[in-house]
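The next block holds one structure in the form of structure tokens; read it before the comments.
The values are calculated or read from the model by the stated rules, or taken from the named source; none is laboratory data. As the structure is a prediction and not an experimental result, all values here were calculated from the model. Here Cβ is always computed from backbone atoms with ideal geometry, including for glycine, and neighbour counts include all displayed protein chains.
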Amino acid sequence: MKVAIPAESDQGLGSTICPHFGSAPWYIVVETDNSEFEAVPNRSTQHGHGMCQPLAQLAGLGIKAVGASGMGMRALEMIREGGVEVFCTSAATVGEAVREIASGNAKPLTSTCAQGHHGHGGCGH
């Protein structure tokens, strides 16, 4: 399964997770079966609150899931509408988040968590 994780830098699986999903400088896209990854630059880091287009940055990459420490309600809704699962992670790095998701230990990010917790650990971690 291909998973996208918002990252502060292009350091592969060792990249630090960016707490602001829509403003992340990079998305690290990882195939959970073999840990192969691709770093995708976010071309839309500057946008008004609630105006990010999260799936536009990841279109055509076959993303089935997203892992984040939290995100705004609009981003959560848009990603779900695109048929992509959204998981909450307390991991510090992309590799840790991918392992958490692949092992089934990551919880789904809920709308309750997203409200008022944009990028601030909205999953109760």
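Number of residues in the range 104-125 that are in contact with a strand residue (DSSP E or B) (Cβ under 7 Å, 6 or more places away or on another chain) and either assigned to a helix (DSSP H, G or I) or at pLDDT 85 or above (or both) equals 5. Which condition does residue 96 not pass, out of (1) out of contact with any strand residue (DSSP E or B) (no Cβ under 7 Å at 6 or more places or on another chain); (2) touching a residue at least 12 places away in the same chain (Cβ under 8 Å), if it passes all the others? Here residue 96 meets the rest and fails (2).
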